[in-house]
Amino acid sequence: MTLGFSKYSGHIFDSIWANDFNDYCVETYNANFGNHCISGDIIELLNDPKVKIPEADVVIGGPPCQGFSLLNKNREDDPRKQLWRPFFEIVERSGANIFVMENVPQLLGSFEHGEIMGTAEAMGFKIWGEILCAADYGAPQTRRRAIILGCKFFDPKMVFPPRKSHFNPGKGGAQISFLPADKNGYLPGAKKWRTVRDAIEDLPPPVGVDVRDEPPPLNLHFGRSPTPTSIARYKAVPKEGMNRFDLHERAPELTPGCWIRKKTGGTDLFGRLWWDRPAFTIRTEFFKPEKGRYLHPKQHRPITHREAARLQSFPDDFIFKGNKIEIAKQIGNAVPPALAARIADVVYMLLMMHDSKK
């Protein structure tokens, strides 16, 4: 989010304070944006009288989303669904007139969404929420995220969501790029969705199995040590778009029994990416093909950390700290910077409207 609001949006915003519970995330943040990210439990920090929240124009963040995730079997009673409350305490203490909250699509329409709206409105905010697709804003990935925008001095639904900079050519959208800006929610000159090919085709075959002492992009371009069975499975689904059902049909002797018994659902498990489409959602275990559509379009292997970072729209010079597991978490949990930058455009426009009005 911070990368999108700062470098990706033309250095419009300066970050002055941040918090994360994960020490590796804090190291990564401080390596890229300055030494002002504090590690620790946000509730404990807010209860510490020594912690001062600086004044700010905008507060952005993503309270942990696992409490709403469809992958979470205990989501009904998950206490992480209430971590939006300290987020609003930060908003109040900072005196911000605008906030941006990011989460999984399941947040919108939930009971907590109603609580969030009520709390924000009681604080004087007008709010609006939308589910945005990252591919519509320049990321080569069809990740969908709920974005809630609050503003004290203007109704955000008049300017949010941001107009799309990219369109899906598979839906007959080629002519969209010639329409005026106020039609169909697209910017003039909108481009086709960016694809897996656009993002990673230039990379050579990966080397090694861990973070490499090489300049980017090769530092994060490493593979795994697959078993002979895994390699045989990769080769059994050689064409773009194939998945676990194709594996079962072509090589039942290589197919795990649980997949054979499960006749429906999970069509992306052990799936191979398409060269000329965006990737599907990059999660934290993208290096495990059994977790999703993470096989390289052509090579018999899962995607690398560098490829996943590019599919999230991270530039190669972004610095990731931690071991390979922690870096994978940071990549998979991130808001695509390309998407965040377009949200930042709307926030900047709101601020400029306010200054002009004053």
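The values are calculated or read from the model by the stated rules, or taken from the named source; none is laboratory data. All of these numbers come straight from a predicted model, not from anything done at the bench. For neighbour counting, all protein chains shown are included, and Cβ atoms are generated from backbone atoms with ideal geometry for every residue, glycine included. Keep in mind that these areas ignore ligands, DNA and RNA; they rest on the heavy atoms of the full protein, side chains included. Shrake-Rupley method; radii C 1.70, N 1.55, O 1.52, S 1.80 Å.
Which of (1) -0.28, -1.43; (2) -0.33, -1.41; (3) -0.31, -1.24 is the computed log10 I(q)/I(0) by the Debye sum over Cα atoms at q = 0.07, 0.15 Å⁻¹ for the structure on display?
Answer label, from the structure shown: (2).
Using a 1.4 angstrom probe and counting only protein chains, how large is the accessible area of THR304 in Å², to 10?
0
So, with a 1.4 angstrom probe, what is the percent of accessible area on the chain that is carbon and sulfur?
About 52 percent, which is the carbon plus sulfur part of the accessible surface.
What pairs in LYS235/LYS291; LYS262/LYS298; LYS288/LYS324; LYS288/LYS329; LYS192/LYS329; LYS191/LYS291 have C-alpha atoms more than 19 Å from each other?
LYS262/LYS298; LYS192/LYS329; LYS191/LYS291
Run the numbers for ILE260 and THR227: contour at 0.36 nm per residue of separation, minus the present Cα-Cα distance, in nm.
On the way: separation 33, 0.36 × 33 = 11.88 nm, distance 2.06 nm.
Full-extension gain reported as 9.8 nm.
With the chain treated as a Gaussian network of Cα nodes joined by springs under 10 Å, which of ARG261, ARG163, ARG244 yields the largest mean-square fluctuation?
Sorting by GNM fluctuation, first place goes to ARG261.
Using protein chains only and a probe of 1.4 angstrom, how many square angstrom of SER313 are accessible, to the nearest 10?
10
Give me the Debye-computed log₁₀ of I(q)/I(0) at q = 0.22 Å⁻¹ for the range 231-358, equal point scatterers on Cα only, no solvent, two decimals.
-1.21
Given just the C-alpha atoms of the range 90-179, how large is their convex hull per residue in cubic angstrom?
Hull volume over Cα atoms, normalised by residue count, gives 117 Å³.
Once the whole set of protein chains is in place, how much accessible area is left on MET123, using a 1.4 Å probe, in Å² to the nearest 10?
For MET123, solvent-accessible area is about 50 Å².
Of PHE318, GLY241, TYR348, which is farthest on the positive side of the dipole of the range 206-358, counting Cα position, with +1 on Lys and Arg Cβ, -1 on Asp and Glu Cβ, and the Cα centre as origin?
My answer, from the dipole projection, is GLY241.
Between the range 319-356 and the range 1-45, how far is it from one alpha carbon centroid to the other, in angstrom?
The range 319-356 and the range 1-45 have Cα centres separated by 10 Å.
Looking at the range 204-267, which chymotrypsin sites (Phe, Trp or Tyr not before Pro) are in a loop (DSSP not H, G, I, E or B) and have at most 16 other Cβ atoms within 10 Å?
Nothing satisfies the criteria.
In the neighborhood of ASP23, defined by Cβ-to-Cβ distances under 15 Å, what is the net charge if each Lys or Arg adds +1 and each Asp or Glu adds -1? Display every interim value, and only then the final one.
Working: positive: LYS321, LYS329; negative: ASP20, GLU27, ASP41, GLU44, GLU326.
That works out to -3.
Given an 8 Å cut-off on Cα distances and at least 6 residues of separation, report the relative contact order of the chain as a percent.
In percent, rounded to a whole number, it is 18.
Of all beta bridges DSSP finds with both residues in the chain, what is the antiparallel percent, to the nearest 5?
Here the antiparallel bridges make up roughly 55 percent for the chain.
Suppose accessible area is computed on protein heavy atoms with a 1.4 Å probe; arrange PHE160, PHE111 from highest to lowest.
Highest to lowest solvent-accessible surface, that is PHE111, PHE160.
Between helix 337-357 and the chain, what is the angle of the helix's C-alpha long axis to the longest principal axis, kept within 0 to 90° and rounded to the nearest 10?
The angle comes out at about 10 degrees.
Please list ASP136, ASP316, ASP210 in order of solvent-accessible area, largest first, computed with a 1.4 Å probe with all protein chains present. Numbers along the way, then the final one.
Numbers: ASP136 20, ASP316 45, ASP210 75 Å².
Output order, biggest surface exposure first: ASP210, ASP316, ASP136.
Counting only helical runs of four or more DSSP H residues, what would the 222 nm mean residue ellipticity of the chain come to if each run contributes -39,500 (n - 2.57) and the total is spread over all its residues? Spell out each step's value before the answer.
On the way: 12 runs with 107 residues, N = 358.
Result for the chain, helices only: -8500 deg cm²/dmol.
Using the Kirkwood formula over every pair of different C-alpha atoms, what hydrodynamic radius in Å results for the range 196-252? Before the final figure, lay out each step's value.
Numbers: mean 1/r = 0.0742 Å⁻¹.
Taking every pair of different Cα atoms in the range 196-252, averaging 1/r and inverting gives 13.5 Å.
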